[in-house]
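For reference, the structure discussed in these notes is given below.
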Amino acid sequence: MDKLPVYTTDGPPQRPKSNRARLFRLLAFLSLAVSLTTFTSFASWEGHEAAVVPKNAAVILQKCPGLDLKPAPPPDFNKRTTSDRYEAGTPPVLIKNATVWTGRVSGLEIIKGDVLLDKGLIKAIGTVKERDLADLDGLVTVDAQGSWVTPGIVDMHSHLGVDSVPLLRGASDTNSLKGLVQPWLRSLDGLNTHDEAYQLSISGGVTTANVLPGSANSIGGQAFSIKLRPTKERSSSSMLLEPPFTLNGTEVDPDQPPRWRQMKHACGMNVILDVTYLVPNI
Ligand SMILES: *[C@@H]1O[C@H](CO)[C@@H](O)[C@H](O)[C@H]1NC(C)=O
Ligand SMILES: *[C@@H]1O[C@H](CO)[C@@H](O)[C@H](O)[C@H]1NC(C)=O
């Protein structure tokens with residue numbers, strides 16, 4: 001059929017349905033039932049089931065190896081010499097004479113010594129040799145005078161940037177009270193890139209935060225991990241620790257381990273308290 005039948009609201013009055021029309025419909029139904037039965041028995045002939053194969057079946061099958069891979073960084077991650085978040089022009093830094101909590105040996109290792117940072121990575125801990133410093137242009141040296149140096153704290157459950165500081169009504173993006181299940185909402189889309197809490201958190205040792213939306217919903221939306229330091233782009237996506245594929249212009253490579261993605265789920269008191277807004281008269 002090329003065109004849809006024309007439909008008008010004030011067409012000719014309908015004639016009462018005749019017995020003949022009913023008989024015709026019954027015959028049509030019977031012949032359809034007979035042809036379906038014939039098709040089914042033909043389709044399962046010699047045990048073969050008929051199935052419609054999608055046109056992109058090969059592409060779908062290509063993604064199957066990924067089902068057996070655990071989320072992780074790429075296999076060569078520890079061999080990298082530059083962080084993918086390194087900003088060109090950032091000088092190397094040597095922190096001398098620090099009390100370093102390395103996080104190794106089940107978090108029990110503490111050493112007295114130096115930490116060398118370059119290209120966005122920790123290049124050495126302990127006694128940094130002079131020859132390791134020779135090629136470093138513009139080295140900045142900080143004397144810690146025995147002070148503590150620890151790894152950056154990662155806040156695994158944060159509302160930084162969505163529960164904004166300063167907290168203004170128009171910038172309150174943690175919760176949407178529009179429904180109980182909202183998996184499509186993303187904290188990334190509500191991030192305040194000028195939030196004052198980023199600097200405050202960094203001063204307390206927090207360098208990374210997993211920013212979750214929701215708590216007033218059973219499913220509040222997708223969480224994103226961000227680095228709190230300012231970026232030259234000053235955009236929310238430039239703060240992402242691990243830009244999910246497609247956000248940064250690349251597609252998922254099914255042979256590589258997938259990256260973690262997070263979805264906020266809550267079933268505590270916030271749901272019980274806030275549900276009264278969602279469902280009146282509860
Ligand atoms: C390291 O700092 C402590 C505390 O200020 C000081 O007593 C010590 O002499 C320093 N060591 C070096 C090698 O600078
Ligand atoms: C995009 O993100 C993925 C996942 O984090 C990463 O493996 C890939 O290298 C990134 N691509 C670019 C162009 O940054």
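The values are calculated or read from the model by the stated rules, or taken from the named source; none is laboratory data. What you are looking at is a predicted structure, and each value in this text was computed from that prediction instead of being measured. Virtual Cβ from ideal backbone geometry, glycine too; neighbours counted across all protein chains shown.
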Condition met for D137 (in contact with a Leu (Cβ under 8 Å, 6 or more places away or on another chain) and either in a loop (DSSP other than H, G, I, E, B) or away from ligand 1 (no atom under 16 Å from the Cβ) (or both)):
no
For I282, work out the one condition from (1) under 20 Å from S176 (Cα atoms); (2) among the aliphatic types (A, V, I, L, M); (3) part of a loop (DSSP other than H, G, I, E, B); (4) at pLDDT 85 or above it doesn't fulfil.
(4)
Index of the failed condition, D255 passing every other in (1) under 28 Å from V115 (Cβ atoms); (2) over 17 Å from the mean Cα position of the chain (by Cα); (3) within 16 Å of ligand 2 (Cβ to nearest atom)
(1)
Residue selected from the stretch 66-87 under the condition over 9 Å from Q256 (Cα atoms) and either within 16 Å of ligand 1 (Cβ to nearest atom) or in a helix (DSSP H, G or I) (or both), by the criterion farthest from the chain's Cα centre (by Cα)
K79
Unique match (being within 16 Å of ligand 2 (Cβ to nearest atom) and small (G, A, S)) among A171, A72:
A72
Can you tell me which residue is nearest to ligand 2 (Cβ to nearest atom) among those in the stretch 90-115 that are under 16 Å from G138 (Cβ atoms) and either touching an Asp or Glu at 6+ places or on another chain (Cβ under 7 Å) or in a loop (DSSP other than H, G, I, E, B) (or both)?
T90
When (1) within 15 Å of ligand 2 (Cβ to nearest atom); (2) in a loop (DSSP other than H, G, I, E, B); (3) within 30 Å of M269 (Cα to Cα) are applied to T193, the one that fails is (1)
Taking the stretch 217-254, which residues are of a type outside the set (V, I, T) and either outside any loop (DSSP other than H, G, I, E, B) or within 16 Å of ligand 1 (Cβ to nearest atom) (or both)?
G220, G221, Q222, A223, F224, S225, K227, S237, S238, M239, L240
Residue among S201, S187 that alone is away from ligand 2 (no atom under 15 Å from the Cβ), in contact with a strand residue (DSSP E or B) (Cβ under 8 Å, 6 or more places away or on another chain) and more than 30 Å from A124 (Cβ to Cβ):
S187
Identify, please: which residue in the stretch 154-188 is part of a helix (DSSP H, G or I) and surrounded by fewer than 18 Cβ atoms within 10 Å (Cβ to Cβ) and is, among those, nearest to the chain's Cα centre (by Cα)?
A171
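Look through I95, I110, I122 and report the one residue that is away from ligand 1 (no atom under 16 Å from the Cβ) and either closer than 30 Å to G221 by Cβ or of a type outside the set (D, E) (or both).
I122
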